[in-house]
Amino acid sequence: MRRYGFLLLCTLALAALTTAVVATVASARSTPQIRAEQAHERAVLAEVNQIGVKLQAAQDARWSAIQQLKLVKQSLHRNEYRLHLARGNLRNAQQRLMSRLYSLYVNGSPSTIEVIAGAHSLSQVLDRAESARVLSNQDAALGTQALHFEHAVQARERQLKQFEQKRVQAVARRNAEAQTVAAALGQQKRLLASIHTTISQLVAQEAARERAAAAAAKARLEAEIAARKAAARAAQQQAQQSTSNPVITPPPVNIPIGSPGAGHAAAASIALRYLGVPYVWGGASPSGFDCSGLVMYVYAQLGISLPHYTVAQWNATDPISSPEPGDLVFFNGLGHVGIYIGGGRFVDAPHTGSVVRIDSMSNFGGYDGARRVP
């Protein structure tokens, strides 16, 4: 039973480990490979639980067999004393029988003439005849008693040995069953630990990829904003110069900076600050966002008020053919919205169980169009 308690403790530890892994995965972006490993993990965990139930039944049966064997051994111990008494009775009966046989061999059985000749009166004749008959009956009883004791001792010994052998075989069988189930449980636990390791590695790889993507997007956005500012300063300087002193301007920087004065590029930079904030339905603060709540909060930092609803945000903005950093992109029949950051990517709060992250427009699907906040 102590061993069963230890196994139960191991099962509880496995459940705690599984909960920790699930919590870790929930905080990172879910990919098809991670979801497949999670499904495999749930299947293996269900098998572990089933095997645990079988192991409990095997351990209970093994414990019951051991208790029965203990009772048999106690019965054997009590019967040892009874066998000792039976053997003593057998020896006494055998000794009495041997003594009687020896007496008959030496003295012989008294005949009727000897019984009458040795008597001095009729009463003595009757007494001596009765004594001879009793002695004959005692001889037969001694033999029968000795034979009965011998058979009883042999039968009891055979019965006890057979019973003990069956109990020993039952304990051995239960031990083998428990070992088989424990081996299967150990194999499934090792498989579950391997799946945990794989999921942890995939989560770490996905988190690193997201960090790298966020850093690259932020650097690209900063470069776009700097290029846009430089272009605006150059245009202003060119307008102020006299036509008699033309200035040869350098070739344009090969960075997509959008149309002059287009959109609110700062909104993209602000949105990147909240990567990793958990999704909360109806949320519109750094403690938790949904998709339209994130858009509303980011633009509020720029002093622009937007409604907290994707359809209302669509109606409150202007249509554009190609998005620039800071523009809004809509998906799934106006069921989802995000803030475009350039390079075919956008920042959004996708769904329950996820966080604010960077998604690819080409992989998201269900694109409805882009809108610009006036």
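The values are calculated or read from the model by the stated rules, or taken from the named source; none is laboratory data. Here the structure is a predicted model, which is why all the values come from computation and not from measurement. Cβ: placed from backbone, ideal geometry, glycine included. Neighbour counts: every protein chain shown. Areas reflect the complete protein model, heavy atoms only, side chains present, ligands, DNA and RNA absent. Shrake-Rupley method; radii C 1.70, N 1.55, O 1.52, S 1.80 Å.
Within the set LEU12, LEU104, the sole residue that is open to solvent by 90 Å² or more (accessible area, probe 1.4 Å), hydrophobic (A, V, I, L, M, F, W, C) and modelled with pLDDT under 85 turns out to be LEU12. Among the residues of segment 300-335, those that are under 19 Å from ILE270 (Cα atoms), polar (S, T, N, Q) and surrounded by fewer than 17 Cβ atoms within 10 Å (Cβ to Cβ) comprise GLN301, SER305. Residues in segment 30-61 that are open to solvent by less than 50 Å² (accessible area, probe 1.4 Å), within 16 Å of ALA176 (Cα to Cα) and over 13 Å from the mean Cα position of the chain (by Cα): LEU55, ALA58, GLN59, ALA61.
For segment 284-294, the criterion of being over 14 Å from ARG371 (Cβ atoms), in contact (Cβ under 8 Å) with a residue 60 or more places away in the chain and not acidic (Asp, Glu) is satisfied by at least one residue.
For segment 169-180, the condition holds for at least one residue, the condition being that it is open to solvent by less than 60 Å² (accessible area, probe 1.4 Å), part of a helix (DSSP H, G or I) and farther than 30 Å from LEU83 by Cβ.
Put simply, of PRO307, PRO319 the only residue that is of a type outside the set (A, V, I, L, M, F, W, C) and out of contact with any helix residue (DSSP H, G or I) (no Cβ under 8 Å at 6 or more places or on another chain) is PRO319.
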